[in-house]
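Enquirer: Just dropping this structure here.
Read-outs: derived from the displayed coordinates by stated rules, not from any lab. Being a predicted model, the structure only gives us computed values, none of them experimental. Neighbour counts run over all protein chains shown; Cβ positions are idealised from the backbone, glycine included.
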2 protein chains.
Amino acid sequence: MRGTVLYGPRDVRFEERPDPTIIEPTDAIIRIAATCVCGSDLWPYRGIAPITQPQAMGHEYCGIVEEVGSAVKHITPSQFVVGSFATSDNTCPTCQFGYQSSCVQREFMGGAQAPLLRMPLADGTLVTTPGIPADDLIPSLLTTSDVLGTGWFAADAANVKPGSTIVVVGDGAVGLLGVLSAKQMGTERIIAMSRHEPRQQLAREFGATDIVTERGDEGIVRIMDLTDGVGADSVLECVGTQEAMMQAIRATRKGGYVSYVGVPHEVELNGEELFFAHVHLHGGPAPVRRYLPELIDLVWNRTINPGKVFDLTLPLDRVAEGYRAMDERRAIKVLLCP
Amino acid sequence: MRGTVLYGPRDVRFEERPDPTIIEPTDAIIRIAATCVCGSDLWPYRGIAPITQPQAMGHEYCGIVEEVGSAVKHITPSQFVVGSFATSDNTCPTCQFGYQSSCVQREFMGGAQAPLLRMPLADGTLVTTPGIPADDLIPSLLTTSDVLGTGWFAADAANVKPGSTIVVVGDGAVGLLGVLSAKQMGTERIIAMSRHEPRQQLAREFGATDIVTERGDEGIVRIMDLTDGVGADSVLECVGTQEAMMQAIRATRKGGYVSYVGVPHEVELNGEELFFAHVHLHGGPAPVRRYLPELIDLVWNRTINPGKVFDLTLPLDRVAEGYRAMDERRAIKVLLCP
């Protein structure tokens with residue numbers, strides 16, 4: 001088969017690779033129905049997260065099971081499945097607490113931007129859909145694998161509730177699906193911070209009631225104005241930079257909640273400022289596996305349509321163009337079809 | 001009157017000062033029944049928190065109301081009262097969310113190590129006891145003003161629940177009362193980190209089931225051993241140093257809770273480590289006013305006896321000796337009687 005490999009900054013190649021095979025008896029092989037490019041793929045693509053050797057790319061996936069290892073009990077060939085970007089056994093104490101993305105056996109997935117994928121820990125990582133989905137459901141099912149699951153965790157970790165006033169920092173696909181998640185959780189007031197017209201439109205479509213275009217200190221002043229000087233109940237930090245994190249903390253009311261779901265790059269939090277900010281802070285790699293059954297259900301019943309974040313669809317062999325479009329912010333998120 | 005003034009590192013003087021008077025109509029004047037030295041008083045005493053001018057010391061207090069301003073409605077002379085180390089109007093949105101120690105009108109108290117104290121925002125800060133307390137209740141009532149309220153917040157902010165396994169980092173009076181608070185909240189497993197025999201004893205008396213004497217990385221290894229490699233559900237950081245904070249974060253299970261209640265001194269948290277630690281983090285100045293009615297009740301009914309943290313009692317005019325005893329860790333906490 002041919003798959004996607006990153007060789008260095010901005011050097012994405014779609015090249016011949018060996019077909020994946022069952023290695024461990026807990027593995028499965030999946031034929032990918034759709035995959036995509038993640039915001040986090042852009043960190044190594046841009047050379048910000050260094051890579052030391054060619055890296056098989058892609059960790060968002062859904063598709064049909066081709067083959068399972070001898071120890072796989074709950075997943076069978078021909079089923080349609082979605083799984084998390086992080087593998088989990090779903091039985092260890094950490095999994096049982098609902099933090100499957102920190103499972104003791106966790107591996108971060110790679111190699112999903114290809115027609116075939118080897119899935120370790122298939123039983124603990126994959127969730128089946130009620131049947132083979134209609135084609136138009138596939139983009140939305142794909143989002144549950146990471147980008148929706150991460151936006152959902154952002155809302156959950158920020159204690160979003162009916163009646164909350166929430167702010168979403170970051171208008172990437174995760175931030176936009178943070179808006180959708182908060183709306184789905186019953187929030188009436190959702191302030192999206194975005195300066196890009198197409199993203200503002202999608203934020204509104206997903207449930208944003210206010211758009212703030214200012215950033216940094218000016219953005220904080222605007223949030224304070226919009227909340228009568230109190231700050232927001234919950235702020236979802238969906239970027240991963242120092243500026244975004246401080247913007248989130250400073251826009252939150254005393255006793256409010258800040259979540260952060262993108263790997264922080266060179267972020268340092270000053271203890272004293274955090275102390276007097278008086279906020280709750282929670283984040284980390286989204287435990288997508290915990291949310292998958294509920295999110296698949298919401299998509300299957302067409303209650304939500306998170307697949308709208310894909311504003312560019314490309315055949316998989318044009319994956320390099322997908323990276324370029326996201327890097328240049330010409331696309332919010334790129335869907336790739338094998 | 002004579003009151004306590006800090007002039008510089010280790011220079012505590014008990015000297016003539018003007019009697020306090022009503023300045024604002026929302027003020028009250030209290031005749032102090034008992035006061036004490038706080039762990040946080042040691043920061044400026046040791047020269048770690050710089051002071052630029054002589055500073056009236058003391059922010060823990062209880063006593064009898066002598067006089068009230070014209071706008072005070074709920075507090076009247078002759079009542080016995082306890083109040084928080086931070087004033088609050090108890091009506092602003094932040095107070096209504098239960099974060100009175102970040103009230104928009106907050107002032108941090110000073111001057112309580114004296115026979116008379118001016119209390120701003122008397123109605124919003126003070127809570128009356130059911131009557132004039134017996135003498136032996138006064139030390140415990142005094143603790144509700146800060147040290148117990150802070151230990152209680154540490155347990156509450158760390159989501160302590162029946163069935164939790166908790167760790168307390170720090171064997172100062174706040175840490176010890178964090179143990180008592182966790183016990184009162186129904187926890188069965190309380191691991192206290194302490195290397196000082198008298199403090200270990202008191203921790204056990206307050207409910208600690210395990211004592212860990214190791215610190216830093218060795219301490220974390222011990223906690224992991226005691227929790228089958230998973231980490232604690234809740235860790236109360238009651239010190240305020242980088243080492244204590246990292247010890248707390250690294251001893252917590254994925255998805256667990258870390259609270260921190262002492263002003264962090266030169267603490268910096270690395271975003272990436274925090275992200276992969278997957279913990280909840282909450283802390284700040286304890287909103288003592290929120291807890292005062294409940295804590296006064298628990299003391300009044302003799303359900304708890306937090307006054308045991310006072311292992312040295314001195315007449316107020318020997319306050320300088322009290323600071324020395326705490327600085328040298330000869331005393332856990334010093335009670336001062338006017």
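Enquirer: List the residues whose amide H sits under 5 Å from the amide H of B:LEU126, counting only those 5 or more places along or on another chain, with H placed 1.01 Å from N in the peptide plane.
Expert: The answer is none.
Enquirer: Also, I was wondering about something else. Which value, in debye to the nearest 20, describes the size of the charge dipole of region A:151-283 about its Cα centre when Lys and Arg Cβ atoms bear +1, Asp and Glu Cβ atoms bear -1, and nothing else is charged?
Expert: Numbers: 11 positive and 18 negative charges, 81 e Å.
Computed about the Cα centre, the dipole is about 380 debye.
Enquirer: Starting from the Cα gyration tensor of region A:151-283, take the square roots of the eigenvalues, sort them a ≥ b ≥ c, and report rounded, prolate or oblate (rounded when a/c is under 1.5, otherwise prolate if a/b is larger than b/c, else oblate).
Expert: Note, shape of region A:151-283 comes out rounded.
Enquirer: Could you list B:LEU336, B:LEU269 so that the one with the fewest beta carbons within 10 Å of its beta carbon is first and the one with the most is last?
Expert: Final ranking by Cβ density, sparse to dense: B:LEU269, B:LEU336.
Enquirer: Using a Förster distance of 60 Å, how high is the FRET efficiency between B:ARG2 and A:GLU266, based on the Cβ-Cβ distance and rounded to 0.05?
Expert: Numbers: r = 53 Å, r/R0 = 0.88.
Efficiency, rounded to the nearest 0.05: 0.70.
Enquirer: Which of the listed residues, B:LEU142, B:VAL179, B:VAL127, is farthest toward the dipole's positive end in region B:103-207, when Lys, Arg count +1 and Asp, Glu count -1 at the beta-carbon?
Expert: B:VAL179
Enquirer: Toward the positive end of the charge dipole of region B:151-283, about the Cα centre and with charges on Cβ (Lys, Arg +1; Asp, Glu -1), which of B:GLY151, B:GLY262, B:GLY219 goes farthest?
Expert: The Cα lying farthest towards the positive end belongs to B:GLY151.
Enquirer: Which ordering of B:ARG329, B:ARG253 is given by a fewest-first count of other beta-carbon atoms within 10 Å?
Expert: Least crowded to most crowded, the residues run B:ARG329, B:ARG253.
Enquirer: Run the helix sum for chain A: -39,500 (n - 2.57) per DSSP H stretch of 4+ residues, divided by residue count, reported at 222 nm to the nearest 500 deg cm²/dmol.
Expert: Computed ellipticity for chain A at 222 nm equals -8000 deg cm²/dmol.
Enquirer: Just the number, please: percent antiparallel of the DSSP beta bridges in the protein assembly as shown, rounded to the nearest 5.
Expert: Of those bridges, close to 55 percent are antiparallel.
Enquirer: Here are some pairs, A:LYS73/A:LYS161; A:LYS161/A:LYS254; B:LYS161/B:LYS308; which of them have Cα atoms lying more than 28 Å apart in this structure?
Expert: A:LYS73/A:LYS161, as the Cα separations exceed 28 Å there.
Enquirer: List the distances, in nm and shortest first, from the label point of B:ARG204 to the matching label points in every other copy, placing each point 7 Å from Cα along the Cα-to-Cβ direction.
Expert: 6.8
Enquirer: Work out from phi, with θ = phi - 60° and the Karplus expression 6.51 cos²θ - 1.76 cosθ + 1.60, the ³J(HN,Hα) of each residue of region B:300-313, listed in order in whole Hz, and give x for Gly and Pro.
Expert: 4, 7, 6, 6, 10, 9, x, x, 4, 5, 7, 10, 8, 10
Enquirer: If amide hydrogens are placed 1.01 Å from N in the peptide plane, which non-local residues have theirs closer than 5 Å to the one on B:CYS62?
Expert: The list, which skips near neighbours in sequence, is B:ALA33, B:ALA34.
Enquirer: A further question follows. Quick one: order A:VAL65, B:VAL68 by neighbouring beta-carbon count within 10 Å, fewest to most.
Expert: Ranking A:VAL65, B:VAL68 by Cβ neighbours within 10 Å, fewest first, gives A:VAL65, B:VAL68.
Enquirer: Can I ask one more? Rounded, prolate or oblate: which one fits region A:45-159, using the alpha carbon gyration tensor with axes a ≥ b ≥ c (rounded when a/c is under 1.5, else prolate when a/b beats b/c, else oblate)?
Expert: Rounded shape, in that the Cα axes give a/c under 1.5.
Enquirer: Amide H neighbours of B:GLY256 under 5 Å, at least 5 residues apart or on other chains, H built in the peptide plane: list them.
Expert: For B:GLY256, whose amide H was placed from the backbone, the distant partners under 5 Å are B:HIS280.
Enquirer: Could I ask something else about it? Placing +1 at every Lys and Arg Cβ and -1 at every Asp and Glu Cβ, with all other atoms neutral, what dipole size does the protein assembly as shown have around its Cα centre, in debye to the nearest 20?
Expert: Using only the charged Cβ atoms, the result is roughly 440 debye.
Enquirer: Quick check: Cα centre of region A:155-170 to Cα centre of region B:1-34, how many Å?
Expert: 45
Enquirer: Spelling out what I want: for every residue of region B:6-17, take phi, set θ = phi - 60°, compute 6.51 cos²θ - 1.76 cosθ + 1.60 (Karplus), and round to whole Hz; glycine and proline get x.
Expert: Using θ = phi - 60°, the values come out as 9, 9, x, x, 6, 10, 9, 10, 9, 9, 4, 9 Hz.
Enquirer: Need one word for the protein assembly as shown: rounded, prolate or oblate. Basis is the Cα gyration tensor (sqrt eigenvalues a ≥ b ≥ c); a/c below 1.5 gives rounded, then a/b vs b/c decides.
Expert: prolate
Enquirer: Label position 7 Å from Cα toward Cβ: report the copy-to-copy distances for B:ARG46 in nm, one decimal, ordered from shortest.
Expert: Label-point distances to the other copies, shortest first: 4.1 nm.
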